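Let me begin by presenting the structure, written as structure tokens, before commenting on it.
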Amino acid sequence: MSTATTASVSTHILDTSIGRPAEGVTITLTARSGAGADWTTLGGSKTDADGRCKDLPALPEGTTHVRLDFETETYFASKSETEAEAQQDAPRVRDSGAFFPEVAITFAVVPGEHFHVPLLLNPFGYSVYRGS
């Protein structure tokens, strides 16, 4: 929950290769207070059956930038080979189970606002946007 002096962040992941939420993806939240400041790891969580991460840590007062790190390699490695073969135009062999073994999204925040940042994910691409 954000106040007038803090921002808040939430996210969810949709695996667009299967049209379903991505369950069990580990997400780490880091923040900093200014472009030149050091990043501080605040904690993390895993996505639930709906692909949502409902328990990310609160942002400290003065946060200006946030980074969400998604551990996608472990998620795709957990998918069965038959699921991978069913994906359209999927190559037969993958080195790590995903072309992008991790996805890091960095964005600016302002106090008093909520930032929902969904990740649309597949083994060979991703996109993000500011949701509501």
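The number of residues in the range 9-41 being surrounded by fewer than 17 Cβ atoms within 10 Å (Cβ to Cβ) and within 18 Å of residue 108 (Cβ to Cβ) comes to 9. Kindly establish whether residue 67 is of a type outside the set (Val, Ile, Thr) and at pLDDT below 95. No: the conditions fail for residue 67. Of all the residues in the range 1-52, those that are more than 20 Å from residue 65 (Cβ to Cβ), among the polar types (S, T, N, Q) and under 15 Å from the mean Cα position of the chain (by Cα) number 3. Looking across the range 73-104, just one residue is at pLDDT 95 or above and either crowded, with 16+ Cβ neighbours inside 10 Å or in a helix (DSSP H, G or I) (or both), and that is 103.
The values are calculated or read from the model by the stated rules, or taken from the named source; none is laboratory data. Given the structure is predicted, the values throughout are model-derived calculations rather than measurements. Cβ: placed from backbone, ideal geometry, glycine included. Neighbour counts: every protein chain shown.
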